[in-house]
Structures are given as structure tokens and as C-alpha cells.
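A short write-up of the structure that comes next.
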Amino acid sequence: MWEGEQRKMSSIVVSGYYGFRNAGDEAMLAAMIEVLSDLDPKLNITVISANPEDTKRRHGVHAVYWLNYWQIAKVIRKSDLVISGGGSLLQDVTSVRSIYYYMSILFLAKMLGKPTMLYAQGIGPICGSFARKAMRWLGNKIDLITVRDEGSLEELDNLGVKKPPIRVTADPVLGIHPVDRQIGRKILRRYGIEGAKPLVGISVREWRDWSHYKDIISTVTARIVDELGARIVYLPMQYPEDVEVAKKIAVDMPKSIVLLDEEYTTSELLSLVGNLDLLIGIRLHALIFAGVMGIPMIGMSYDPKIDRFLKSMGDESVSDLQNVTVEKLMEKIHQEWQEKDSFAKTVEPVISKLRRDAFVNAELALELISRGKTKR
């Protein structure tokens, strides 16, 4: 298809929340690079990163510092496509400033005459009136938009973004293939976790310094140990922040509760999740990792992206962080526990479809480059 048309190496610049030691975002970047490079092994990828050296080391790509606009403009000028994504970059809930940063990169690309793409983005919520107007104006100048869920499509419609081709696909991480569980077993062994006892993983994050959901998780953790005879392991998706939150929750931990307090690669985290019997997660990509590895999951929502992903899996969150109760969470845990042995088989067709949808993001990106070169 597009491969035969290419006369020279194509170049892509990727903008996103990279270099901040967030395992979910690093997994997204790894998945994007993997699929794009599979389709075009000669593709030249440059990532805009908060830690360029770490990004180069982790992903084997070029990288420039996220606040060095001179360098960013230089690599964009030489590129064939600027990608913004994946993840929830265009929202103003977790930060009122970051949305303007990510829009500024897209604006710069348009000023330099480069094709732009929102790649498997989770759009919104965008609450500020000026941010909504800016997103409407800029969004209608983007060349191609793919979003990871129907909720993001609705958000774009509400914003008035209608001019670019828009397609619902899936989170890039869903394109990652399952990994060997032995990697995770070795890590768990270092923490003294081995044997026949079932294992429940918990992925937490800080949210607005709320204490209610932390108290609920702490109580539920003890009940899981007593009622299910399981061990508990806390998984850090953002290091070291998630470790600190887990320490607040798991005070006076018995031996059956273990806190993993190191930073892990995407493959290591996937493998760790693959060794679980159940995952309880607040972090979106912890839940996605569970889906990829065929592990039953329970999501607690702090953001529409959690609800949207679980809906795509045919499920729903147990509750939001403000309203979750011990009774609700334990009821959901017992329900999932009874069905855990059949989960992987049940969910396999859903994951297969989402994996194909995730692959489409890269195909569309490279088709956009090909069309741009044909016009020259």
C-alpha cells in the first residue's frame, strides 16, 4: 500500500505526557512505537519528552526536551507528521495549564505547515469556557482525529469539532501482546510472594488529597485477606507517587500485604499483572494491563476515562472515589472472584477487537503521511 510510494525515510514527531515516569503513558508510547515501526521499519520517530535521555534509553527513539520550543520547532520542521497522543492530554481536570501546552505544540505544527493527528486520544472533560473555545478552533484545523472511546467522540461533538475525519479506535496499549508471566514471578519472589495462595493486585493513585477512598481500600484489603485467603500486592503505575499513596493506605501491613516499591518497565508491569487472580484499580492503564493479560478487574472511577474503558469491556465501575463503600466494593469483589476462572476466555473476543482497533491508529497515521507526500 503506502510502503511502495515512499521515496525517503518518513519522520514523525510525537507529543504527549512522556518522560514523567508514568507507566501507563510509557506503555502507550511503547505500543505506538512498536506498531508504527512494524508497519514502517525505517520510520524516524522523535518524542517530545520531559526526560529526553530516559526516553531515548527506554524506547530507542530520538527525543527533545518538552519546554525547548526551539528544538521542538526544528524537529517539527523536518517531520512529515506531528502526532498528539495517546492519553488524556486535552482535558483541564487534572491540570488547567497542560491542555494549553499540548494545544501549543499542535498550533506550532500548523504554523509550520505540517499535517497533525490526534492519536487515540481520550478527549475531555474540558470545563473552562476559553479552553473549550480554543479546542473548538484548533480541533477543526487538525488533519485527522482518532479517539479511544465513544465518550471522546461525544465530547468532540459537544465542543463543535466536526471538520476533520474522526474515527473511534482504541487505546494504543491494547495493541500490546501479552508477555511472559515468568518475568513478574521473579519480581514477586524477591518480595517473598510465591506459592499456591491467590493474589490480588491493587493500583492506587492520589486524587485531590481525598481520604475517603483510601480508608475504604484499607478496610477492604484486610477483608480480602480474611474472606478470600488471598495475598495483596500494591502495584506502582506512577513512580514514586503511587508508592507513597500505598504507604498511606497499607499502614501496619501484615505479611500477606506487600507493597512493590520499585520502578518497573511496561513488560515487567504487564507480567506482574498477569500473575494476579484479580486487579482492583484506580489507574486506567492498570485496568488496561489486566485486560491485555486476561485478568479480572474492578475499576474505581475518578475520571470519565475509567468508565469509558470499562464500558468498552462490557463492564462498569464499582463506584466513584467519593461514593465508594466497603459493601459495594466487597460485593463486586465476590462477584468477580466467582467468575475469575472463566474471565480470560469470556473477554478474549472483546480484547481481540480492541487490539485490532488499536492497530488502526498507526495505519491511519501512515496513510496520512502517504497522502501528504503525494500532494507535494
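The values are calculated or read from the model by the stated rules, or taken from the named source; none is laboratory data. Worth saying up front: this structure is predicted, and the values here are computed from it rather than measured. Glycine gets a Cβ as well: all are built from the backbone with ideal geometry, and neighbour counts include every protein chain shown. The protein model used for the area step is the full one, side chains on, heavy atoms only, and it has no ligands, DNA or RNA in it. Shrake-Rupley method; radii C 1.70, N 1.55, O 1.52, S 1.80 Å.
Just flag the GluC sites (Glu not before Pro) in the stretch 333-374 sitting in loop per DSSP whose Cβ has no more than 14 other Cβ atoms within 10 Å.
Working: sites: E336, E339, E363, E367; in loops: E339.
For GluC sites (Glu not before Pro) across the stretch 333-374 that sit outside H, G, I, E and B with at most 14 neighbouring Cβ atoms in 10 Å, the list reads E339.
Would you kindly calculate the mean projected area, averaged across all directions, of the convex hull enclosing the Cα atoms of the chain, in square nanometres? Provide the component values of the computation, followed by the final result.
Details: hull surface 72.4 nm².
It is 18.1 nm².
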Legend entry - Distance-filtered residues of the stretch 269-294 - backbone nitrogen under 20 Å, label point 7 angstrom along K186 Cα→Cβ: 269-276
Inset, instruction - Please report, largest first and rounded to whole Å, the three semi-axes of the ellipsoid equivalent to the stretch 121-181, where each semi-axis is the square root of five times an eigenvalue of the C-alpha gyration tensor. - result: 27, 13, 9
Inset, instruction - For the stretch 45-90, give the magnitude of the charge dipole about the Cα centre (Cβ charges: +1 Lys/Arg, -1 Asp/Glu; no others), in debye to the nearest 20. - result: 120 debye
Inset, instruction - On a 0 to 90° scale, report how tilted helix 284-293 is relative to the longest principal axis of the chain, with both axes built from alpha carbons and the result rounded to the nearest 10. - result: 80 degrees
Legend entry - Cα Rg, Dmax, the stretch 28-158, angstrom units: 14.6, 43
Inset, instruction - Compute the distance in nm between two label points, each set 7 Å from the Cα along the Cα-to-Cβ direction, one at A222 and one at K255. - result: 2.0 nm
Inset, instruction - Please list the non-local residues whose amide H lies under 5 Å from the amide H of I298, H modeled 1.01 Å from N, same-chain partners needing a gap of 5 or more. - result: L279, I280, G281
Inset, instruction - In whole Hz, with x marking every Gly and Pro, tabulate ³J(HN,Hα) for the stretch 255-272 from phi via Karplus 6.51 cos²θ - 1.76 cosθ + 1.60, θ = phi - 60°. - result: 5, 7, 10, 10, 10, 6, 10, 10, 8, 10, 6, 4, 4, 5, 5, 4, 5, 4
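Give the whole-number value, in cubic angstrom per residue, of the convex hull volume spanned by the C-alpha atoms of the stretch 230-309. Mind dumping the intermediate values first?
Values: hull volume 7.5 nm³, N = 80.
Per-residue hull volume (Cα only) is 94 Å³.
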Inset, instruction - Counting other Cβ atoms within 10 Å, keep those with at most 13, restrict to DSSP loop, and tell me which trypsin sites (Lys or Arg not before Pro) in the stretch 6-79 are left. - result: R7, K8, K42, K78
Legend entry - Gaussian network model of the chain, Cα within-10 Å springs - most flexible of G122, G195, G86: G195
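If you build the convex hull over the alpha carbons only and average its shadow over all orientations, what do you get for the stretch 173-310? Give it in nm² to one decimal. The partial results should precede the final answer.
Working: hull surface 31.3 nm².
Mean shadow area of the hull around the Cα atoms is 7.8 nm².
Find the relative contact order for the stretch 269-338 and round it to a whole percent, using C-alpha pairs within less than 8 Å whose residues are 6+ positions apart. Walk me through the intermediate numbers first.
Values: 91 pairs, mean separation 17.7, N = 70.
This gives 25 percent for the stretch 269-338.
How much length is gained if the chain between N51 and N323 is pulled fully straight, taking 0.36 nm per residue apart and subtracting their Cα-Cα distance, in nm to one decimal?
On the way: separation 272, 0.36 × 272 = 97.92 nm, distance 3.71 nm.
Taking N51 through N323 to full extension adds about 94.2 nm, to one decimal.
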Legend entry - Rounded to the nearest 20 debye, dipole of the chain from Cβ charges on Lys, Arg, Asp, Glu: 1620 debye
Inset, instruction - Could you tell me how many degrees, from 0 to 90 and to the nearest 10, lie between the Cα long axis of helix 129-139 and the main elongation axis, the longest principal axis, of the Cα atoms of the chain? - result: 60 degrees
Inset, instruction - Quick one: angle between helix 150-159 and the longest Cα principal axis of the chain, in degrees between 0 and 90, rounded to 10, please. - result: 50 degrees
Legend entry - Accessible surface ranking that places the most exposed of D277, D261 first, with a 1.4 angstrom probe: D261, D277
Legend entry - Per DSSP, loop trypsin sites (Lys or Arg not before Pro) in the stretch 164-242 with at most 13 further Cβ within 10 Å: R208
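Full-extension gain between K311 and S104, please, as 0.36 nm times their residue separation minus the C-alpha to C-alpha distance.
Numbers: separation 207, 0.36 × 207 = 74.52 nm, distance 3.18 nm.
Full-extension gain reported as 71.3 nm.
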Inset, instruction - Please report, as a whole percent, how much of the solvent-accessible surface of the chain comes from carbon and sulfur atoms (probe radius 1.4 Å). - result: 51 percent
Legend entry - Estimated FRET transfer efficiency (V93, T346; beta-carbon r; R0 35 Å; 0.05): 0.60
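For H212 and F20 in one chain, what is 0.36 nm times their gap in residues minus the Cα-Cα distance, to one decimal in nm?
Numbers: separation 192, 0.36 × 192 = 69.12 nm, distance 2.71 nm.
Extra length available between H212 and F20 comes to 66.4 nm.
Share of Cα-Cα pairs in the stretch 252-361 beyond 18 Å, in percent?
On the way: 3232 of 5995 pairs.
Tail of the P(r) past 18 Å holds 54 percent of the pairs.
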Inset, instruction - Please calculate how many Å² of accessible area the chain carries per residue, with a 1.4 Å probe and no DNA, RNA or ligand atoms counted. - result: 44 Å²
